[in-house]
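Engineer: Take this structure first; my questions come after.
The values are calculated or read from the model by the stated rules, or taken from the named source; none is laboratory data. Being a predicted model, the structure only gives us computed values, none of them experimental. For neighbour counting, all protein chains shown are included, and Cβ atoms are generated from backbone atoms with ideal geometry for every residue, glycine included. Remember, those area values only see protein heavy atoms, side chains included, never the ligands or the DNA or RNA. Shrake-Rupley method; radii C 1.70, N 1.55, O 1.52, S 1.80 Å.
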Amino acid sequence: MSAEHSRKGRRQKARRRIRRHEPGTAPGLMHHDPEASQTRIRVIAYGPDELVEVETLELAEVQEMVGKHPVCWIDVVGLRDVELLERLGKTFGLHPLALEDVTQLGQRAKVDDYDDHLFVVARMADGEDPSQTEQVGLFMGRQAVLTFQEKAGDSFEPVRQRIRAGRPNLRSSGPDYLLYALLDAIIDGYFPGLEAYGEMLEELEERILDDPTPDLMARIQEVKRDLLARRRAIWPHREMLNTLIRDQSDMLSERTLLFLRDVYDSVIQSVDVLETYREMASGLVDLYLSSVSNRMNEVMKVLTII
């Protein structure tokens, strides 16, 4: 497959992910997407001295685990089975408007504080394609955290490993600390992609100085578009985390708020890196035009001499 077809495929893929209801649709209706991944539920229930992991679609079993263990992480992967998602929402008392946002892909990062749970929308970097992001919905209650992902593959495996290893910070803390750990993993997942873009820009700079071919300009414009898309995904996390910290919900302990401030600092750092790379990409356009102009001047000198 050519590079051009690959770029078109990524743009079409991004467009397909943003799905909207028809204008005038009643609020609270979940979007059914037949192309979505098959729904599956994985539960990790734990406490200081206990750990249980199961994969099930039986909501009664899930509900029983929530009442039996101090903290329960219910990870829902795939949004095809809307009926199951609705039953899951009724079982745990999730607000219909929040459930609608779970299946309404293309949401920006935000936080909504309901009476008995917090709802957070975040965007997670795609580990395979750094130009793509995935929407993640997170609900935090008094005893459980529910996460809704578009597809399999995420940035949460380090959190799972920490739970299995019995790390005291996670195993002895409540669901608010688990919410912090998941948000921290999402933000940390952006940095490998940013490093890849940094290396890409350095390589483009060397190629422009050596041989400024026309395909390099197309590549620079593609990188600029990708960086802009990544900025649109990361930037709203500042407001979302700032709201969590500023509002100081009674569901978040002072200790967890302190850790959330560290996640906020990571977001600021990632935005700063992004802005630097965007400036570098814009500078590469000027460098390309300058290199082409110099090359043309050299050619004209030779022709003039001849």
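Engineer: Between residues in the range 251-269 that are over 22 Å from Arg142 (Cβ atoms) and residues that are open to solvent by 60 Å² or more (accessible area, probe 1.4 Å), which pairs lie under 8 Å by C-beta distance while being six or more apart or on different chains?
Structural biologist: Tyr264/Arg238; Tyr264/Asn242; Ser266/Asp188; Val267/Arg238; Ile268/Arg238
Engineer: Further question on the same structure: For residues that are part of a strand (DSSP E or B) and open to solvent by less than 30 Å² (accessible area, probe 1.4 Å), tally how many sit in the range 112-121.
Structural biologist: Number satisfying all stated conditions: 4.
Engineer: Pick from the range 233-250 the residues that are among the charged types (D, E, K, R) and touching a residue at least 60 places away in the same chain (Cβ under 8 Å): which of them is nearest to Asp116 (Cα to Cα)?
Structural biologist: Keep residues of the range 233-250 that are among the charged types (D, E, K, R), which gives 238-239, 246-247, 250.
From what is left, the residues that are touching a residue at least 60 places away in the same chain (Cβ under 8 Å) are 239, 247.
On the way: Glu239: 22, Asp247: 15 Å.
Per the stated criteria, the residue is Asp247.
Engineer: Could you please find all residues in the range 46-76 being part of a strand (DSSP E or B), open to solvent by 20 Å² or more (accessible area, probe 1.4 Å) and of a type outside the set (Asp, Glu)? Full working, then the answer.
Structural biologist: Quick first cut of the range 46-76, residues part of a strand (DSSP E or B) only: 46-47, 50-55, 71-76.
Right, trim to open to solvent by 20 Å² or more (accessible area, probe 1.4 Å) and you get 50-55.
Answer for the range 46-76, where residues must be part of a strand (DSSP E or B), open to solvent by 20 Å² or more (accessible area, probe 1.4 Å) and of a type outside the set (Asp, Glu): Leu51, Val52, Val54.
Engineer: Then there is this: Looking only at the range 170-210, count how many residues are under 24 Å from the mean Cα position of the chain (by Cα) and part of a helix (DSSP H, G or I). Quick ask: steps written out before the conclusion?
Structural biologist: Step one: of the range 170-210, the residues under 24 Å from the mean Cα position of the chain (by Cα) are 170, 174-201.
Going one step further and asking which of them are part of a helix (DSSP H, G or I), we end up with 170, 175-188, 190-201.
Within the range 170-210, residues that are under 24 Å from the mean Cα position of the chain (by Cα) and part of a helix (DSSP H, G or I) number 27.
Engineer: Suppose the filter is outside any loop (DSSP other than H, G, I, E, B) and within 14 Å of Phe148 (Cα to Cα); does Val43 pass it? Don't jump to the end; show me each part of the working.
Structural biologist: Details: outside any loop (DSSP other than H, G, I, E, B): yes; within 14 Å of Phe148 (Cα to Cα): yes.
It is true that Val43 is outside any loop (DSSP other than H, G, I, E, B) and within 14 Å of Phe148 (Cα to Cα).
Engineer: Additional query: From the list Gly78, Gly93, Gly106, Gly67, which residue is more than 24 Å from the chain's Cα centre (by Cα) and on the phi > 0 side of the Ramachandran plot?
Structural biologist: Working: Gly78 fails: more than 24 Å from the chain's Cα centre (by Cα); Gly106 fails: more than 24 Å from the chain's Cα centre (by Cα); Gly67 fails: on the phi > 0 side of the Ramachandran plot.
That would be Gly93, the only listed residue that is more than 24 Å from the chain's Cα centre (by Cα) and on the phi > 0 side of the Ramachandran plot.
Engineer: Which one of Leu79, Leu94, Leu85, Leu105 is in a helix (DSSP H, G or I) and open to solvent by less than 30 Å² (accessible area, probe 1.4 Å)? Break it down stepwise before answering.
Structural biologist: Working: Leu79 fails: in a helix (DSSP H, G or I); Leu94 fails: in a helix (DSSP H, G or I); Leu105 fails: in a helix (DSSP H, G or I).
Being in a helix (DSSP H, G or I) and open to solvent by less than 30 Å² (accessible area, probe 1.4 Å) holds for just one of Leu79, Leu94, Leu85, Leu105, which is Leu85.
Engineer: Please work out which residue is nearest to Lys224 (Cα to Cα), limiting yourself to the range 122-137 and to residues that are part of a strand (DSSP E or B), open to solvent by 10 Å² or more (accessible area, probe 1.4 Å) and touching a Ser or Thr at 6+ places or on another chain (Cβ under 7 Å). Can you show your working first?
Structural biologist: Pass one, the range 122-137, residues part of a strand (DSSP E or B): 122-125, 133-137.
Restricting the remaining residues to those that are open to solvent by 10 Å² or more (accessible area, probe 1.4 Å) gives 123, 125, 133.
With the extra rule that they be touching a Ser or Thr at 6+ places or on another chain (Cβ under 7 Å), the set shrinks to 123, 125.
Values: Arg123: 20, Ala125: 17 Å.
Per the criteria, the residue is Ala125.
Engineer: Here's a follow-up. Looking at (1) assigned to a helix (DSSP H, G or I); (2) within 28 Å of the chain's Cα centre (by Cα); (3) crowded, with 19+ Cβ neighbours inside 10 Å, which is the only condition Leu252 fails?
Structural biologist: (1)
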